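The values are calculated or read from the model by the stated rules, or taken from the named source; none is laboratory data. Keep in mind it's a predicted model, so treat the numbers as computed, not measured. Neighbour counts run over all protein chains shown; Cβ positions are idealised from the backbone, glycine included. For the accessible areas, the whole protein counts, side chains as well, though only heavy atoms, and no ligand, DNA or RNA atoms are used. Shrake-Rupley method; radii C 1.70, N 1.55, O 1.52, S 1.80 Å.
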Amino acid sequence: MTVRTRYAPSPTGDPHLGNIRTALFAWLLAKHNGGQFLLRIEDTDRQRFVEGAVEAQMETLRWLGIDWDEGPDKGGPHAPYTQSERLDIYQDHAGRLLASDWAYRCYCSSERLSEVRKAQQARKEPPRYDRHCRDLSAKDRAQREADGAPAVVRFKTPLDGETLTHDALRGEVPFANDTLDDFVILKSDGYPTYHLAAIVDDHLMEITHVLRGEEWISSLPRHVLIYQAFGWDPPVFAHVSRILGSDRAKLSKRHGAHAALTYREMGYLPEAIVNFLALLGWSLDDKTEIIDIDTLIGAFDIDRLLTNPAVFNAEKLEWMNGVYIRNLSPENLAERALPFLEGALGRPVDAQKLAQIAPLIKERIKTLKDVVEMAGFFFTEGPLDYEPELILGKKSFAGAPDRAAQALASVIAAVEALDDWNHEALEGAVRPLAEEMGVKAGELFAVIRVAVTGRTAAPPLFETMAVLGRDLSLERLSAARGLLA
RNA sequence: GCCCCCGUCGUCUAGCGGCCCAGGACGCCGCCCUUUCAAGGCGGAGAUCGCGGGUUCGAAUCCCGCCGGGGGCACCA
């Protein structure tokens, strides 16, 4: 049997890392088994629908390389893949349950329902539907229908016995039926609830493995009951744990980013995000951290999924992103970093020049966005903007602007005389100067560094100057000397 | 209130009865390399395996109880 999994978000907002990790696991499971992965939109709550949310879901998946074989945008043998376009299917299935006496119409008003709940809570009883309409007489029922009373369809949960559920990660979990109530499967507006829609669709779409958040575990017996009522075989269920914030609370905006796409804006590589997410609740072995996508697909195994919640470790993600950046070719790094630089500069940047700089900065940046800080000075014309004190530093030249200015003059003279403007020649010309001045080479370099980069921490000095070119380097050196005079 | 899930270094994790007085990774601290910052190399601190009972020659690993954390109990998903 072909493995078929799905990601079925509701379009109520931007997908966050937890959603995406579940999608990733489902996708990996399908890929590992040569099966299919599908995208289904569960928009059965018209109140909570958020404009653009469907597109955000798809954009996130595309960014991460999680592709789907069937979905709302590309169709497939079980189209449509948007639940609001499948209403007749759910209504038909609710009708079947009504016909087989597995469901009944309920006319209770929401006012009555909340009063019942309130009373139950006051009596410290579990809040649940009191089954008021379950045993309505045929006469009463006919009367309500004749009155045109709005009605929902409720599932007729067995009053006793127990429902045995099975979770691939946790094993068998029995639920006593008397802890369950008669839940709504079709709302009065004709829309199905999750319980009906998800089960019907998973069956019709031939889903073999359902991976979803663990918040669904307590609904599992309801879902198993629905499968039984229809006489269908349930798929394999695996409930994935949550991702928590650093304070062990549910991941939210308070923990910085939680929408997956904001990591793209922050300069994270999709392959790093995928690798990192895969390792939250799953592991390859006892030591491997960096795992490319093909290895991930080849090794992914549902049995190695963990059931305990994982705290999101932003520092580790940052480290991992750095690893992936360092493994990028100069051209690739340049291509990916380009938008960030252009965005910050507000003008186009030469990709080739960036590629030339890439080797100098790749082990110094953790995110693509860091190029702005680390390499921005390569792309600005003329002198830089910095405090003159920065040039003097905290060592030999501290409080001695005259000496620093003199040193810069010597450097300018030595460097001006060079025939070839490359880093070996530059270093050959400048390094001996330090000894003549009686300062350590590093201290002299520090002065030059600030002059040409405007920063105390920068890529290797002479390689930087080589890329900067003769004119710009000399211009900045002179400007720095002028600043000290 | 009822039901369910979870509990190994700060964090992500390995472990599925002896290889573990618990291994790897991030972070942290040293040292080395070095023109700065990184990267890299080496080393270090860091876990009474939530607690208490059992079972066993032997338990992080199996069983029971407790505690702690989380989730669910909607005409939301």
Fill in: For the range A:177-231 versus the range A:1-36, the gap between their alpha-carbon centres in whole angstrom
18
Worksheet item: On average, how much accessible surface per residue is there in chain A, in Å², for a 1.4 Å probe, leaving out ligands, DNA and RNA?
Response: 47
Worksheet item: Relative contact order of chain A: what whole-number percent is it, with Cα pairs under 8 angstrom and at least 6 residues apart?
Response: 12
Worksheet entry | Dipole magnitude of the range A:45-144 about its Cα centre (Cβ charges: Lys, Arg +1; Asp, Glu -1), debye to nearest 20 | 940
Item to complete: Of the options A:321, A:28, A:93, report the single residue whose Cα projects farthest towards the positive end of the charge dipole of chain A (beta-carbon charges: Lys, Arg +1; Asp, Glu -1).
Response: A:93
Worksheet item: Looking at the square roots a ≥ b ≥ c of the eigenvalues of the Cα gyration tensor of the range A:87-240, which shape do they give, rounded for a/c under 1.5, prolate if a/b is larger than b/c, or oblate?
Response: oblate
Worksheet item: Dipole of the range A:87-240, Cα-centred, from +1 at each Lys and Arg C-beta and -1 at each Asp and Glu C-beta, to the nearest 20 debye?
Response: 560
Worksheet item: For chain A, which semi-axes, largest first and in whole Å, follow from the square roots of 5 times the eigenvalues of its Cα gyration tensor?
Response: 66, 22, 20
Practice prompt. Find the relative contact order for the range A:381-485 and round it to a whole percent, using C-alpha pairs within less than 8 Å whose residues are 6+ positions apart.
Written response: 44
Worksheet item: Once the dipole of chain A is set up with Lys and Arg at +1 and Asp and Glu at -1 on Cβ about the Cα centre, which of A:459, A:277, A:157 lies farthest towards its positive end?
Response: A:157
Worksheet item: Counting only protein heavy atoms, what percent of the accessible surface of the range A:381-485 is carbon or sulfur at a 1.4 Å probe?
Response: 49
Discussion item. Can you give me the long-range amide H partners of residue A:213? Hydrogens built in the peptide plane at 1.01 Å from N, cutoff under 5 Å, separation of 5 or more residues or another chain.
Written reply: A:240
Worksheet item: Taking chain A as a whole, which cysteines find no other cysteine Cβ under 4.7 angstrom from their Cβ?
Response: A:108
Discussion item. Can you tell me how the range A:396-485 classifies by the Cα gyration tensor, rounded, prolate or oblate, using a/c under 1.5 as the rounded cut?
Written reply: rounded
Discussion item. Under a Cβ-only charge scheme (Lys and Arg +1, Asp and Glu -1), can you give me the dipole magnitude of chain A about the Cα centre, in debye to the nearest 20?
Written reply: 1380
Worksheet item: In chain A, what % of DSSP beta bridges are antiparallel (nearest 5)?
Response: 55
